[in-house]
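Asker: Handing you this structure, nothing more for now.
The values are calculated or read from the model by the stated rules, or taken from the named source; none is laboratory data. Values in this document were obtained by computation on a predicted structure and should not be read as measured data. Note that we place each Cβ from the backbone using ideal geometry, even for glycine, and neighbour counts take in every protein chain shown.
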């Protein structure tokens, strides 16, 4: 690696041919594999594996014991909680090689996935969605959606700051922390200001 504008703990393994953005940190016993991309200011916790062709945007936080397999793309400001799980094959078999059949999973800007959650491949986690600890996501997740359980079910909506949104009869909600305003129309949420 010619770029040394990042920190890697002495026990971390960083393969040749990967790209790591300025200000990123890679902690104990993590493995960054060839042909993956990490944006700027990422924080990669302990015992993390990032497989070839994985793409992480800027400011992605990966907590301890997470494996990010080929086929996963995370946009900017994504949070991956401790021991959460991605899959990348719909029907894995030990005796059948399916390296050319990886299914893409995308985690959009600002989404957070809680500890021990599982994301079944082929789904998109919408921007600023919040997946609760231990949830098992088996389908697409709308932006700003709050999901919990196994299988994961949507139980509400959250703001960009991660607070539950309570909508008025007119479909308007205000984030308690940021004071940002959101509107609920046609079972979708968007920020108005």
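Asker: In region 54-68, what residues are part of a loop (DSSP other than H, G, I, E, B) and either closer than 18 Å to residue 4 by Cβ or without any contact (Cβ under 8 Å) to a residue 40 or more places away in the chain (or both)?
Answerer: Listed by number, the residues that qualify are 54, 58, 59, 60, 64, 65, 66.
Asker: What number of residues within region 1-29 are touching a strand residue (DSSP E or B) at 6+ places or on another chain (Cβ under 7 Å) and either assigned to a loop (DSSP other than H, G, I, E, B) or modelled with pLDDT under 95 (or both)?
Answerer: Count: 10.
Asker: Scan region 1-25 residue by residue and report those that are farther than 12 Å from residue 60 by Cβ and surrounded by 16 or more Cβ atoms within 10 Å (Cβ to Cβ).
Answerer: 6, 8, 12, 14, 18
Asker: Of everything in region 81-98, what is out of contact with any strand residue (DSSP E or B) (no Cβ under 6 Å at 6 or more places or on another chain) and touching a residue at least 12 places away in the same chain (Cβ under 8 Å)? Give them in sequence order.
Answerer: 82, 83, 87, 88, 89, 90
Asker: Check region 89-96 and report whether any residue there is surrounded by 19 or more Cβ atoms within 10 Å (Cβ to Cβ), out of contact with any helix residue (DSSP H, G or I) (no Cβ under 7 Å at 6 or more places or on another chain) and outside any strand (DSSP E or B).
Answerer: No; the residues of region 89-96 include none that is surrounded by 19 or more Cβ atoms within 10 Å (Cβ to Cβ), out of contact with any helix residue (DSSP H, G or I) (no Cβ under 7 Å at 6 or more places or on another chain) and outside any strand (DSSP E or B).
Asker: Now a separate question. Taking residue 51 as the residue in question, decide whether it is under 20 Å from residue 104 (Cα atoms) and out of contact with any strand residue (DSSP E or B) (no Cβ under 9 Å at 6 or more places or on another chain).
Answerer: no
Asker: Would you pick out the residues in region 134-193 that are more than 24 Å from the chain's Cα centre (by Cα) and exposed (fewer than 12 other Cβ atoms within 10 Å of the Cβ)?
Answerer: Within region 134-193, 166, 168, 169, 170, 179, 185, 186, 192, 193 qualify.
Asker: Being more than 18 Å from residue 116 (Cβ to Cβ) and free of Cβ contacts under 8 Å to residues at least 40 places away in the same chain is the requirement here; does residue 43 meet it?
Answerer: The answer is yes for residue 43.
Asker: Next up: Quick one: in region 30-43, of everything that is within 25 Å of residue 99 (Cα to Cα) and not in a loop (DSSP other than H, G, I, E, B), which residue is nearest to the chain's Cα centre (by Cα)?
Answerer: 38
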